[in-house]
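Here is the structure we will look at, set down as structure tokens.
The values are calculated or read from the model by the stated rules, or taken from the named source; none is laboratory data. Please read all numbers here as calculations on a predicted model, not as lab measurements. Backbone-built Cβ (ideal geometry, glycine too); neighbour counts: all protein chains shown.
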Protein chains: 2
Amino acid sequence: MRLEQIPPPAIYRLSFYLRQLEDFKRVSRQTISSKQLGQALGYTDAQVRKDFAYFGQFGHPGIGYRVDELVGQLKKILGTDKIWKVLLVGAGNLGRALVAYKGFAAKGFELAAVFDSDPSKQGLAFGGQKVRPISELPDAVRHEQVKLGMMAVPAEAAQSVADELVAAGIKGILNFAPTSLVVPEGVSVQGVDLAVQLEQLSFRMSLSSNDSE
Amino acid sequence: MRLEQIPPPAIYRLSFYLRQLEDFKRVSRQTISSKQLGQALGYTDAQVRKDFAYFGQFGHPGIGYRVDELVGQLKKILGTDKIWKVLLVGAGNLGRALVAYKGFAAKGFELAAVFDSDPSKQGLAFGGQKVRPISELPDAVRHEQVKLGMMAVPAEAAQSVADELVAAGIKGILNFAPTSLVVPEGVSVQGVDLAVQLEQLSFRMSLSSNDSE
DNA sequence: GGATGTGAATGCATTCACAGCA
DNA sequence: TGCTGTGAATGCATTCACATCC
């Protein structure tokens, strides 16, 4: 099947399968069925099988999936069998938390450089990196061969920072600023808006308080 | 139309419409068409109209939507026309960043209490709040009438913290721990896994590097 | 003319159900 | 028997296209 016509939700679920499988691996589970894996994540067994089937045949009829094997396959599909260098723009509170976050390194993401436009922050040590001015961005991207960038900057600055990332050659942006970015074809943006997440919960709270039927 | 049968993706988009409209409001735009709003977010005009139509008739034929009016309607639908008290469990790096994050307050979320199981953190001031031991959770939830909780704790601790939140009466959980939670009917969980977001970008990077057709 | 709101048509994603293999 | 992989069937979500209103 052509990669381009795989349902985006399936690709998203892949990450959760992988996460769950690593948990199973940690407790030394050798093999798992689509039913068990689905149950742990709230999906049906058919969903699980179909999702994997988009990418190949990873299971063993009568047995299930070998955890270790499947973890390897999923990493390969998701690209996390390789190390990815990532840079960060924005050395504020959130930036600090991102740099300290263990989960990125655990998946093989490596912090290559940190930037901030505020001169008072420049030069400070930050997760083993010195905070550098944005002007050094293009050099760093080329020199370090970085493809991915995280933006933890205020909404007002976000579009212009994104433009600079794109100009420097960055191909994927993880955007924590609460604004939508315009980027050219060939550049991917993944947005994470913390307030939107809470807002969605607020919606569900409002629902359950007026369910009067 | 019954709320239960509105497409979940539509509800999710509502948050982005609202965000975009607040931007338009900030630059004093009075009125906007479904086409213009969609363009700013990468949706079709039909999508925009249908999404709003699930909830009522907010537009004016020939004119479009009055920005101010629509902002008010969306807030009401999403529940952010009211103040929501939120508590936080986990006073680590990420917790610190969440407390400092302005975006929550801007949407009317109010930090009611902060908890951490680590005694060395307890008592410290944290976003205008003293960090308290988890044992005080039930009291705080009842006393302060809190419905929402954010969890910024390690994956290993996440399920047991979630259990305590549920036991204390919390109805919505924003989970930053990289693990899936089991909660009873009537409790909502919204997960935010930062590493998963980067992983999804990694996938798209891998795609574009082998597009050889 | 310029826009919304909406049934009907299309296109996607999920689930069913079963053949086939260990 | 227990489980996968997969075409066929179903069920959702999006888009079309047009009646309707300012």
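Brief remarks on what is shown
- Test result for B:Asp68, touching a helix residue (DSSP H, G or I) at 6+ places or on another chain (Cβ under 8 Å), away from DNA strand D (no atom under 16 Å from the Cβ) and over 26 Å from B:Ala155 (Cα atoms): yes
- The set of residues in segment B:103-129 being modelled with pLDDT under 95 and either part of a strand (DSSP E or B) or within 14 Å of chain A (Cβ to nearest Cβ) (or both) consists of B:Ala125, B:Phe126, B:Gly127, B:Gln129.
- If you go through segment B:36-87 and keep only what is polar (S, T, N, Q) and in contact with a Phe, Trp or Tyr (Cβ under 9 Å, 6 or more places away or on another chain), you end up with B:Gln36, B:Gln73, B:Thr80.
- Residues satisfying the stated conditions in segment A:87-102, i.e. aromatic (Phe, Trp, Tyr) and more than 7 Å from chain B (Cβ to nearest Cβ): none
- A:Asp51 vs. criteria within 12 Å of DNA strand D (Cβ to nearest atom) and within 14 Å of chain B (Cβ to nearest Cβ): yes
- The one condition from (1) within 10 Å of DNA strand C (Cβ to nearest atom); (2) in contact with an Asp or Glu (Cβ under 6 Å, 6 or more places away or on another chain) that B:Asp51 does not meet is (2).
- Considering residues of segment B:25-34 that are in a helix (DSSP H, G or I) and either more than 12 Å from chain A (Cβ to nearest Cβ) or over 24 Å from A:Pro154 (Cα atoms) (or both) only, the residue farthest from DNA strand D (Cβ to nearest atom): B:Lys25
- If the condition is being within 22 Å of B:Gln159 (Cα to Cα) and of a type in the set (Gly, Ala, Ser), then segment A:1-24 contributes only A:Ser15.
- Qualifying position, being more than 7 Å from chain B (Cβ to nearest Cβ) and either surrounded by 18 or more Cβ atoms within 10 Å (Cβ to Cβ) or closer than 24 Å to B:Asp193 by Cβ (or both), among A:Ala195, A:Ala167, A:Ala162: A:Ala162
- Unmet requirement for B:Val153, which otherwise passes all of (1) under 17 Å from the mean Cα position of the chain (by Cα); (2) farther than 30 Å from A:Gly186 by Cβ: (1)
- Exactly one residue out of B:Leu137, B:Leu88, B:Leu70 is assigned to a helix (DSSP H, G or I) and under 30 Å from B:Asp23 (Cα atoms), and it is B:Leu70.
- B:Arg26 passes every criterion in (1) touching a helix residue (DSSP H, G or I) at 6+ places or on another chain (Cβ under 7 Å); (2) more than 7 Å from DNA strand C (Cβ to nearest atom) apart from (1).
- When the test is whether a residue is within 11 Å of another protein chain (Cβ to nearest Cβ) and surrounded by fewer than 13 Cβ atoms within 10 Å (Cβ to Cβ), A:Gly186 passes it.
- Across segment A:91-102, the number of residues qualifying as touching a residue at least 12 places away in the same chain (Cβ under 8 Å) and either in a loop (DSSP other than H, G, I, E, B) or within 23 Å of A:Phe24 (Cβ to Cβ) (or both) comes to 2.
- Restricting segment B:35-47 to residues that are within 14 Å of another protein chain (Cβ to nearest Cβ) and within 14 Å of DNA strand D (Cβ to nearest atom) leaves a set whose member that is nearest to A:Ala157 (Cα to Cα) is B:Leu41.
- Residues in segment A:1-23 that are within 8 Å of DNA strand C (Cβ to nearest atom), modelled with pLDDT of 95 or more and not in a loop (DSSP other than H, G, I, E, B): 4 in all.
- Just one of the numbered conditions (1) buried (at least 19 other Cβ atoms within 10 Å of the Cβ); (2) away from chain A (no Cβ under 12 Å); (3) under 21 Å from the mean Cα position of the chain (by Cα); (4) away from DNA strand D (no atom under 13 Å from the Cβ) is not true of B:Leu78: (2).
- Any hit, segment A:35-52, residues being assigned to a loop (DSSP other than H, G, I, E, B) and either in contact (Cβ under 8 Å) with a residue 24 or more places away in the chain or more than 21 Å from the chain's Cα centre (by Cα) (or both): yes
- Residue among B:Gln20, B:Gln36 that is buried (at least 16 other Cβ atoms within 10 Å of the Cβ) and within 20 Å of A:Glu199 (Cβ to Cβ): B:Gln20
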